[in-house]
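Participant: Attaching a single structure in structure tokens format; questions to follow.
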Amino acid sequence: MLIRRRLMKPAAVLGLAVVLAACGGTAADTGGGGGDAASGGSDAKAGAVNIGAVLPLTGSSASIGEDQRRGIELAVAKINEDGGVMGKDLNVIVEDSAGAANSAIDAAKKLVTVDKVAAVMGEYSSGVTVPLGQYLQQEGVIHMNVGSSSPEIAGIGDKSFSVIGLDTIASKFASEQLAGRGLMRAAIMVPNNSYGEGIVQPFTDAFKAAGGSVTETVLYTEGQTSYRAELERIAASKPDVVLYSAYGQDSSVINQQAFEGGMQKTPWFGIYLTMCTVDSAPATVQNQIGMDVNYVGPEGQDYQKAYEAKYGEGFASTFSGYTYDATMMLAKAIDDAGSTDADKIAAALKKLGSGYAGATGDITFDDQNQRSEQPYLVLKYTDGKVVEEG
Amino acid sequence: MLDFALYVATIAAVYALFALSLNLQAGVTGLLNFGHVAFFGVGAYSSGIVALHGGHWLLGVLVGVVVSSLLGAVIGRLGRTLAADYWAIVTLAVAECLRLVVVNEGDLTGGPQGISGIAGPFSSVSGLAGSLSWLVLCVVLAALAYLVAETLTGMQFGRVLRLLREEPMLAASLGHNITAEKTRVLAVAAPIAAVGGSVYTLYISYIGPNQLLPIETFLVFTMLIIGGIGNNRGAVFGALVIQLIYAGSRFLKDIFPIPDQSASSVRLLIVGLVLTAFLMTRPEGLFAEKLRRIDVHQ
């Protein structure tokens, strides 16, 4: 009964620990504000209009998921204060996706079949949002994309809407920015995932149309301890500018190693610059330029005040505004339609989505129900913080 | 509610396939396969790729069975000079390599986006009839896999495998070819998981590379430990219990007044507590391996 057997239990217990740890992630990171304990018990409420949300509340994107949840919480409070939906209270049931496609579908199944929600918002990662949206489309339930930007989302179907601009728009904006600065030879460095892949083609097309050329495209594997090989390929192509996007540990390693290699002498342009630089040592990202979503539109001042009052801090991420807008739009659409029937809500949403004044700026849907205009900020990283470039 | 219960039961039956397959390797033969998810992946992607090219879903399942069996045999041969723990590391590496190939061979596998809109056998059957058809299919498959696993472990082959686990040197001295037996059990166990992968993919009509992460393997290990490693019945019930705990804990916040912002963390905490308490009070799992009990009573 020996080695093999003795090895097995600890190994399996270790496995269990890994499962739990991975699920746990930064789940504890919910601090920062006076939570409202009275809002608990979010079962489908009789006599209320129920909608659902699938968010990464645990796992590696948990801090974003929590911020997305805050947007919903604030919207629900405002809607119910103003008389609710169709004369009833609005109730949003938030389920955890743990950042994984299969548990997101578990969660959506529960929302659709048990809670019988009229619509579902979600998620954050493109790799989760696409299957989630497809499941909802198949079930004939309205889907609101509130945090993903892969162009793949546009093809989900007539029940799927996006309140956040997809990377086709972001890429076009980035290419205009670079061309406008006379940086005509760009190298691209983005993660090899659903999100990164969604940037490459639209950017290359738009940049060529603007007269630029792409010297090198690097889709890097996430989670590496060294990106020197990738960076050397970029440097060897002698670009005028490096267009990149990265998050978490990856961004810090990439910036550190590019800095050590003297590559920061070339301008770096970050797509979602806040995300790209927040985890990096300030010296390594000094003078980087980039773009980010403009989360406070002209109509967003009240929202910002409400957020600060409730949570006692400034916006934790750029994503709460989208869930706020999505919730507000859904409530309004259901109210306008006077029904929770998916086709009627979709029709009302289409009508509503032409110049809707949201907290994240004007929202207009194109013929694929995707947000067609997205205001972006042009930013520059200076001395430890990201500032708006004049 | 009924729909959701049917869904949970269907997924549990699919997980029972994974658990039965891993039990043959890890439980019966003592092969710590940390790359078990590779077999799931082969089945899942076979179905996905065949569906993408308009093939019949049965063809996808068949391709998955054949390819996974070959992969299993190769992995079995791979470690013939390695000690058990090093072999475990190699299996983890094989599964990760497979995942990276899937991510990078975009033309074949859909790359990081995965493959979606995969049509399954009951795609045209909607509502309750559809859910029931899926449940029946998956339960029948799980029952078949259970019978296969029981038969295998009951016959001489199973005895050799257990000997391999307990006393590999003795097995070798009795004339058993350790590498050949290892190769054989992997070639038989892999297709069971591949069928699970195929059915899962057809059922939720999506497969992406993030479903091939090592965490999925460890989840199946958890099921074995809870159910009782080395026991086929344990594997089936382990899968059911874990699936019930994960799905059932979603309703915690509906019953108890937990604030929204901590509901998900509380849910994970409860899942962890239940599993830990279970391991502490019943370390041998729900169904202990019978063989070992006989040893103890001697």
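Participant: Leaving out ligands, DNA and RNA, what percent of the accessible area of chain A is carbon and sulfur, probe 1.4 Å?
Facilitator: Carbon with sulfur: 51 percent of the solvent-accessible area.
Participant: Now a separate question. Counting Lys and Arg as +1 and Asp and Glu as -1, what is the net charge of the other residues whose Cβ lies under 10 Å from the Cβ of A:Val130?
Facilitator: Working: positive: none; negative: A:Glu123, A:Glu152.
Charge balance in the 10 Å sphere: -2.
Participant: Return, for the Cα atoms of the stretch A:177-280, the radius of gyration and Dmax in Å, separated by a comma.
Facilitator: Reported Rg and Dmax, both Å: 12.6, 36.
Participant: Also: Could you calculate, for the stretch B:1-98, the ratio of the Cα radius of gyration to the Kirkwood radius, expressed as Rg to Rh?
Facilitator: Radius of gyration over Kirkwood radius for the stretch B:1-98 works out to 1.05.
Participant: Note down the relative contact order for chain B as a percent, whole number, built from C-alpha pairs under 8 angstrom at least six residues apart.
Facilitator: 34 percent
Participant: State in Å² the accessible area per residue of chain B; use a 1.4 Å probe, count heavy atoms of protein chains only, and round to the nearest integer.
Facilitator: Details: 11980 Å² over 298 residues.
Value for chain B: 40 Å² per residue.
Participant: Can you tell which of B:Ser264, B:Val185, B:Tyr7 lies farthest toward the positive end of the dipole of chain B, using +1 and -1 charges on the Cβ of basic and acidic side chains (Lys, Arg; Asp, Glu)?
Facilitator: Checked the options; the winner is B:Val185.
Participant: Between 0 and 90 degrees, rounded to the nearest ten: what's the tilt of helix A:194-209 against the longest Cα principal axis of chain A?
Facilitator: Approximately 60 degrees, to the nearest 10.
Participant: Within 10 Å, count the other beta carbons around each residue, average over each peptide in A:118-127, B:249-258, and list them highest first.
Facilitator: My ranking of the peptides, most packed first, is A:118-127, B:249-258.
Participant: Oh, and also: Does anyone have the angle between helix A:320-337 and the longest principal axis of chain A? Alpha-carbon axes, 0 to 90°, nearest 10?
Facilitator: Rounded to the nearest ten degrees, it is 40.
Participant: I would also like to ask the following. Given the DSSP H assignment, sum -39500 (n - 2.57) over each helix run of at least 4 residues in chain B and divide by its residue total; what's the result at 222 nm in deg cm²/dmol, nearest 500?
Facilitator: Mean residue ellipticity, 222 nm, calculated: -24500 deg cm²/dmol.
Participant: Working from the pairwise distances between different alpha carbons, so that the mean of 1/r is found and then inverted, what is the stretch B:159-292's Kirkwood radius in Å? Each step should come with its number before you reach the end.
Facilitator: On the way: mean 1/r = 0.0565 Å⁻¹.
That comes to 17.7 Å for the stretch B:159-292.
Participant: Among A:Arg181, B:Arg77, A:Arg371, what's the order by accessible area (1.4 angstrom probe), most exposed first?
Facilitator: Descending accessible area places them as B:Arg77, A:Arg181, A:Arg371.
Participant: Accessible area lost on pairing B with A, both sides, 1.4 Å probe, Å² to nearest 100?
Facilitator: Between B and A, the summed buried area is about 5200 Å².
Participant: Accessible area per residue of the stretch A:211-262 at 1.4 Å probe, in Å²?
Facilitator: 44 Å²
Participant: Remind me, relative contact order of chain A in percent, using alpha carbon pairs under 8 angstrom and six or more residues apart?
Facilitator: Reported as a whole number, the value is 16 percent.
Participant: Which residues of the stretch B:198-220 end up with at least 40 Å² less accessible area in the presence of all protein chains than when their chain stands alone, using a 1.4 Å probe?
Facilitator: In the stretch B:198-220, residues shielded by partner chains: B:Tyr206, B:Ile215, B:Phe218.
Participant: Per residue of the stretch B:179-186, what does 6.51 cos²θ - 1.76 cosθ + 1.60 with θ = phi - 60° give for ³J(HN,Hα)? Whole Hz please, x for Gly and Pro, Karplus curve as stated.
Facilitator: Running phi through 6.51 cos²θ - 1.76 cosθ + 1.60 with θ = phi - 60° gives 4, 5, 5, 4, 4, 5, 5, 5 Hz.
Participant: Given N residues in chain A, what is Rg(Cα) / (2.2 N^0.38 Å)?
Facilitator: 1.03
Participant: Find the eigenvalues of the gyration tensor of the Cα atoms of the stretch A:287-390, then list the square roots of 5 times those eigenvalues as equivalent ellipsoid semi-axes, largest first, in whole angstrom. Don't skip to the end; give the middle numbers.
Facilitator: Working: eigenvalues 186, 57, 17 Å².
Its equivalent ellipsoid spans semi-axes of 30, 17, 9 Å.
Participant: Something else now. Ordered by packing density, taken as the mean number of other Cβ atoms within 10 Å over each peptide's residues, highest first, how do B:170-178, A:184-192, A:326-334 rank?
Facilitator: Values: B:170-178: 12.4, A:184-192: 21.6, A:326-334: 25.0.
Result, highest mean Cβ count within 10 Å first: A:326-334, A:184-192, B:170-178.
Participant: Tell me which residues come under 5 Å, amide H to amide H, from A:Ser160 once H is placed; ignore anything under 5 positions away on its chain.
Facilitator: A:His143
Participant: Would you work out the charge dipole size for the stretch A:304-379 about its Cα centre, treating the Cβ of every Lys and Arg as +1 and the Cβ of every Asp and Glu as -1, and quote it to the nearest 20 debye? It would help to have the intermediate numbers written out before the result.
Facilitator: Numbers: 7 positive and 11 negative charges, 28 e Å.
That gives the stretch A:304-379 a dipole magnitude of about 140 debye.
Participant: When the helix-only estimate is applied to chain A (DSSP H runs of n ≥ 4, each -39,500 (n - 2.57), divided by the residue count), what is the mean residue ellipticity at 222 nm, nearest 500 deg cm²/dmol? All intermediate terms of the calculation are to be shown ahead of the outcome.
Facilitator: Numbers: 13 runs with 166 residues, N = 390.
My calculation for chain A gives -13500 deg cm²/dmol from helical runs alone.
Participant: Turning to a different aspect of this structure: Using Cα centres only, tell me the gap between the stretch A:179-221 and the stretch B:15-61 in whole Å.
Facilitator: 37 Å
Participant: I would also like to ask the following. Diagonalise the Cα gyration tensor of the protein assembly as shown and give the resulting equivalent ellipsoid semi-axes, square root of 5 times each eigenvalue, largest first, whole Å.
Facilitator: 44, 31, 23
Participant: So for the pair A:Ser226, A:Gln138, with labels modelled 7 Å out along Cα→Cβ, what separation do we get in nm?
Facilitator: Simple spin-label model gives 4.4 nm for this pair.
Participant: Roughly speaking, to the nearest percent, how much of the stretch B:141-298's 1.4 Å accessible area is carbon and sulfur?
Facilitator: The C+S portion of the solvent-accessible surface of the stretch B:141-298 is 70 percent.
Participant: Which of these, A:Gln224, A:Gln370, A:Gln249, has the largest mean-square fluctuation under a Gaussian network model of chain A (Cα springs below 10 Å)?
Facilitator: Of A:Gln224, A:Gln370, A:Gln249, the most mobile in the Gaussian network model is A:Gln224.
Participant: Hey, another quick one. Taking every residue in B:250-258, how many Cβ atoms of other protein chains lie within 10 Å of its Cβ, on average?
Facilitator: Mean number of neighbouring Cβ atoms from other chains: 5.
Participant: A further question follows. Spin-label point model (7 Å from Cα, Cβ direction): what's the A:Ala210 to A:Ala283 distance in nm?
Facilitator: 3.3 nm
Participant: Quick one: helix A:342-352 against the long Cα principal axis of chain A, what's the angle to the nearest 10°, folded into 0 to 90?
Facilitator: 60 degrees
Participant: Averaged over A:152-161, how many beta carbons belonging to a partner chain fall within 10 Å of each residue's beta carbon?
Facilitator: That works out to 1 on average.
Participant: With respect to the cross-link table entries A:Lys78/A:Lys350; A:Lys385/B:Lys253; A:Lys88/A:Lys159; A:Lys45/A:Lys351; A:Lys78/B:Lys253, which display a Cα-Cα separation exceeding 32 Å? Walk me through the intermediate numbers first.
Facilitator: Working: A:Lys78/A:Lys350 23 Å; A:Lys385/B:Lys253 39 Å; A:Lys88/A:Lys159 24 Å; A:Lys45/A:Lys351 28 Å; A:Lys78/B:Lys253 23 Å.
Beyond 32 Å: A:Lys385/B:Lys253.
Participant: Same structure, new question: Counting only heavy atoms of protein chains, what accessible area per residue, in Å², does the stretch A:292-355 have with a probe of 1.4 Å? Before the final figure, lay out the partial values.
Facilitator: Details: 2690 Å² over 64 residues.
Result: 42 Å² per residue.
Participant: How many Cβ atoms of partner chains, on average, are near each residue of A:196-208 if near means within 10 Å of its Cβ?
Facilitator: So the per-residue partner count for this stretch is 1.
Participant: If you don't mind, there's one more thing I want to ask. If amide H atoms are built 1.01 Å from N in the plane of the peptide, which residues on other chains or at least 5 residues away come under 5 Å of the amide H of A:Glu389?
Facilitator: HN-HN under 5 Å from A:Glu389: A:Val378, A:Leu379, A:Lys380.
Participant: Mind jotting down the distance between the C-alpha centroids of the stretch B:134-162 and the stretch A:255-329, whole Å?
Facilitator: The distance from the Cα centre of the stretch A:255-329 to that of the stretch B:134-162 comes to 54 Å.
Participant: Then there is this: Counting only residues 5 or more places away or on other chains, whose amide H sits under 5 Å from the amide H of A:Thr217 once H atoms are built in the peptide plane?
Facilitator: Placed amide hydrogens put A:Ile188 under 5 Å from A:Thr217.
Participant: Would you work out the relative contact order for the stretch B:105-254, in percent, from Cα pairs under 8 angstrom that are 6 or more residues apart?
Facilitator: Relative contact order of the stretch B:105-254: 29 percent.
Participant: In Å and on Cα atoms, what radius of gyration and Dmax does chain B show?
Facilitator: Here Rg and the maximum Cα pair distance are 19.5, 63 Å.
Participant: Which of B:Ile207, B:Ile229, B:Ile245 moves the most in a Gaussian network model of chain B with Cα springs under 10 Å?
Facilitator: B:Ile245
Participant: For the stretch B:96-168, which semi-axes, largest first and in whole Å, follow from the square roots of 5 times the eigenvalues of its Cα gyration tensor?
Facilitator: 35, 26, 7
Participant: Along the stretch B:124-139, what does the Karplus equation 6.51 cos²θ - 1.76 cosθ + 1.60 (θ = phi - 60°) give for ³J(HN,Hα), rounded to whole Hz, x for Gly and Pro?
Facilitator: Per residue, the Karplus-derived 3J(HN,Hα) values read 7, 8, 10, x, 4, 4, x, 4, 5, 4, 4, 4, 4, 4, 5, 5 Hz.
Participant: Pop out the ³J(HN,Hα) list for the stretch A:149-155 in order, Karplus 6.51 cos²θ - 1.76 cosθ + 1.60 with θ = phi - 60°, rounded to Hz; leave Gly and Pro as x.
Facilitator: Going residue by residue, I get 10, 5, x, 4, 4, 4, x Hz, with x marking Gly and Pro.
The values are calculated or read from the model by the stated rules, or taken from the named source; none is laboratory data. Please read these numbers as outputs of a predicted model, since none were measured by experiment. Glycine gets a Cβ as well: all are built from the backbone with ideal geometry, and neighbour counts include every protein chain shown. Areas reflect the complete protein model, heavy atoms only, side chains present, ligands, DNA and RNA absent. Shrake-Rupley method; radii C 1.70, N 1.55, O 1.52, S 1.80 Å.
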